[in-house]
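The values are calculated or read from the model by the stated rules, or taken from the named source; none is laboratory data. Only a predicted model underlies this, so the values are computations on that prediction, with no experimental measurement involved. Here Cβ is always computed from backbone atoms with ideal geometry, including for glycine, and neighbour counts include all displayed protein chains. Quick note on the areas: whole protein, heavy atoms, side chains included, nothing else; ligands and nucleic acids left out. Shrake-Rupley method; radii C 1.70, N 1.55, O 1.52, S 1.80 Å.
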Amino acid sequence: MLEETLLIVGILSVVFMAIRAYVRGAKCKSKVKLHGKTVIVTGKNFHKTRRLSVILSISRWRCAGSNVGIGRATAVDLARRGARVILACRSQVRGEVAVALVKRESGSQNVAFMQLDLASLKSVRSFAETFLKTEKRLDILINNAGVYKQGTTEDGFGLMFGVNHLGHFLLTNLLLDRLKECAPSRIVTVSSIMHKYGTLDFDTLRTHKEFGVGETSRSIFWIYAHSKLCNVLFTHELAKRLQGTNVTCYSLHPGAVNSDLNRNLSKMTRRLIKPITTLFFKDVEAGAQTSLYCAVQEGIESLSGRYFSNCAVQKVEPKAQDDAVAKKLWEVSETLSGLS
């Protein structure tokens, strides 16, 4: 009986390890060093994860949403490579805690906090102005922050459209000249596989300042998916506008990550899904690998504008590379953000 029990335990252990190895996926193998480079990593509550001095803005739930776990793991890796890392997040208290954690985990002291609230276009402009006055370089911009929650931004836009897309759209454009000056440089935007379920109804956006309405779980899911499609289309159009500048850009799906996006769920729900997320979701270090790949991997410059997952370029559906829709989204975003 004991031997049978041990055999079953052994088999289950092997199966568990095999599943975990598969779930973790590919790893960024680049050994590139970033001494003298600056990275920005965006996030909402960086104390749980985030940023560098190459701009890193990533969304999570990918499931899921947002910044804390993946952002910090990304920032730690980039700091270890020698980059100056700027953690750009809303809360000063949490941001300063994040800086301390990234310094401790990376062994680098070249990490700093700068306040940025992506739900406020005024804050985005203030951040960019301060950054450009105080920092001489910007080599990598990682748009990592994201939310999976209904609400309204300071400017009256839907929270997911405003934070996941419009705030990063404005931030990227305000910093483009510095990225061009420091080229070769990169812009990395964390999207999600959920973009496959998104559609962009510009009539709804004009009426509601969001690509969807409703407070049900189903409605929230679709609105999040719409915002993630915006990320992919933004990157698609941006690559066209950056041709000849030696600045490249990439969007990505980090994988199903066991990060902090589920913080908006009830305690009971979190407890119920914990066994599933533990077994089938990546940890934050694994979830950061594709972001790192897009930020530092050599030889992917010709793939600018493409969508990545599991450290490899992926095909996307026609709607995610529709030139006309991508251009219209860009023009509408310019108007809404005050760039035109």
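Give me the residue from the range 93-114 that is in contact with a Phe, Trp or Tyr (Cβ under 7 Å, 6 or more places away or on another chain) and hydrophobic (A, V, I, L, M, F, W, C) and, out of that set, least open to solvent (accessible area, probe 1.4 Å). Looking at residues that are in contact with a Phe, Trp or Tyr (Cβ under 7 Å, 6 or more places away or on another chain) and hydrophobic (A, V, I, L, M, F, W, C), I get A98.
I'd like to check something: does the range 172-188 contain any residue that is farther than 22 Å from G244 by Cα and surrounded by fewer than 16 Cβ atoms within 10 Å (Cβ to Cβ)?
Taking the range 172-188 first, the residues farther than 22 Å from G244 by Cα are none.
Checking the range 172-188: not a single residue is farther than 22 Å from G244 by Cα and surrounded by fewer than 16 Cβ atoms within 10 Å (Cβ to Cβ).
Going residue by residue through the range 77-89, is there one that turns out to be open to solvent by 10 Å² or more (accessible area, probe 1.4 Å), under 14 Å from M114 (Cβ atoms) and at pLDDT 95 or above? Before you say what the answer is, go through the steps one by one.
Within the range 77-89, the first condition is being open to solvent by 10 Å² or more (accessible area, probe 1.4 Å), and the residues that meet it are 77, 80-82, 84.
Now drop any that are not under 14 Å from M114 (Cβ atoms), which leaves 84.
So of that shortlist, the ones also at pLDDT 95 or above come out as 84.
Within the range 77-89 (the criterion being open to solvent by 10 Å² or more (accessible area, probe 1.4 Å), under 14 Å from M114 (Cβ atoms) and at pLDDT 95 or above), the answer is yes, since at least one residue qualifies.
When L141, L174 are screened for being over 25 Å from K319 (Cβ atoms), hydrophobic (A, V, I, L, M, F, W, C) and touching a Phe, Trp or Tyr at 6+ places or on another chain (Cβ under 9 Å), only L174 passes. Residues that are in contact (Cβ under 8 Å) with a residue 60 or more places away in the chain and of a type in the set (A, V, I, L, M) were ranked within the range 203-225; the one that is farthest from G146 (Cα to Cα) is L205.
The residues of the range 135-156 that are part of a loop (DSSP other than H, G, I, E, B), open to solvent by 10 Å² or more (accessible area, probe 1.4 Å) and either of a type in the set (A, V, I, L, M) or closer than 20 Å to T216 by Cβ (or both), listed by number, are Y148, K149, Q150, G151. Restricting attention to the range 204-221, the residues being part of a helix (DSSP H, G or I) and either among the aliphatic types (A, V, I, L, M) or open to solvent by 90 Å² or more (accessible area, probe 1.4 Å) (or both) number 7.
Considering only residues that are within 16 Å of S333 (Cα to Cα) and not charged (D, E, K, R), which ones fall in the range 214-238?
Filtering the range 214-238 for residues within 16 Å of S333 (Cα to Cα) gives 226-238.
Answer for the range 214-238, where residues must be within 16 Å of S333 (Cα to Cα) and not charged (D, E, K, R): H226, S227, L229, C230, N231, V232, L233, F234, T235, H236, L238.
Based on what the data block shows, is T172 in a helix (DSSP H, G or I) and either touching a strand residue (DSSP E or B) at 6+ places or on another chain (Cβ under 8 Å) or closer than 18 Å to V39 by Cα (or both)? Walk me through how you get there before you give the answer.
Details: in a helix (DSSP H, G or I): yes; either touching a strand residue (DSSP E or B) at 6+ places or on another chain (Cβ under 8 Å) or closer than 18 Å to V39 by Cα (or both): yes.
Judged against the criteria, T172 is a match.
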